[in-house]
Structures are given as structure tokens and as C-alpha cells.
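The values are calculated or read from the model by the stated rules, or taken from the named source; none is laboratory data. Everything quoted here is computed from the prediction, not taken from an experiment. Counting neighbours? That spans all protein chains shown, and the Cβs are built from the backbone with ideal geometry, glycine included.
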Amino acid sequence: MIENIATLIEPKQEDKGIEELCILEINNQRLQVFDSWGNMHPLYFGKKYKVELILVQLDYEEPEIQNFDHNEAKQIGSTFFYDLYGRVENGIFIVGNFKFEWEDFEDDPMYENKFVKLHVDRIIVDFLEELD
């Protein structure tokens, strides 16, 4: 399990009706993520949390090795879909300030120390612990 330390950000007014929506921020980089469990405990905007981020593809798409340094989480429209551009280091996919596990990167050394594009249909958040 890869843990991230992120701040929970209040969604925009027009997004408040989406119950599963959470916005996380690490060092001014934000991700719109999906809380599929519903919050079992109260969460507070502006607080830091230890979280696990789980990448989900509904239809498998193979990661693409990139020939250039591109490090970004590009949201597709206002959906939960993302094209993630990052670097694989020690089997961990690093996209900006966020870190993810992805089985292909752990099992296949061809991705190691390469920049990769990965399409995901959603990023699920699991809140592990409140930190402040």
C-alpha cells in the first residue's frame, strides 16, 4: 500500500451534489477522486489525511511509455477519468506529488525509470487517518 498525505478541499458549489466526490491537494496539485465507501467517519475540509489512492480501469488499457518528461494528472472533462503522465520508480507510479501502485509497474521491469501515460476511469480514495 502506498500512502499519500493530502489535504481535503471543499468542492465547488456546482459539484457539491456529487456525494462520492472528494478533492485532494498535495503542494498545490489537486485531484478529483471517488470515495466509493462513503465516509465512515466525519471528514473536515482543510484537514490533512493519510490516504491510499487506488487506480481503476473498467476496460484494461496498456500503459504507454513516453519519450519525453511529462508529469501531470490530466482530468478528462468534468468526469472521474484521468490521463496520468508520470514516472515509474521502484515500481511506484509518481504523478506530480501523488504516488500510486499499479500492478504492471510492479511486475514488469520495462516500465522502471520511464515516463509513462496511463488512462484510468477513476481514482478511488481510502481515508486511512486524520493527521491534524
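Assorted remarks:
- Subset of the range 77-89 [at pLDDT below 95 and of a type outside the set (Phe, Trp, Tyr)]: Gly77, Ser78, Thr79
- Conditions (1) surrounded by 13 or more Cβ atoms within 10 Å (Cβ to Cβ); (2) of a type in the set (A, V, I, L, M); (3) under 14 Å from Leu8 (Cβ atoms): number failed by Ile92: (3)
- Boolean, Lys74 is among the basic types (Lys, Arg), at pLDDT 90 or above and surrounded by fewer than 16 Cβ atoms within 10 Å (Cβ to Cβ): yes
- Only a single criterion out of (1) within 21 Å of Glu10 (Cα to Cα); (2) surrounded by fewer than 16 Cβ atoms within 10 Å (Cβ to Cβ); (3) at pLDDT 95 or above; (4) in contact with a Leu (Cβ under 9 Å, 6 or more places away or on another chain) is not satisfied by Leu43, namely (3).
- Top-ranked residue in the range 46-72 [being aromatic (Phe, Trp, Tyr) and under 18 Å from the mean Cα position of the chain (by Cα); ranked as farthest from Ala6 (Cα to Cα)]: Tyr60
- Look at (1) of a type in the set (A, V, I, L, M, F, W, C); (2) within 22 Å of Glu103 (Cβ to Cβ); (3) modelled with pLDDT of 95 or more and you find that Phe34 fails only one, number (3).
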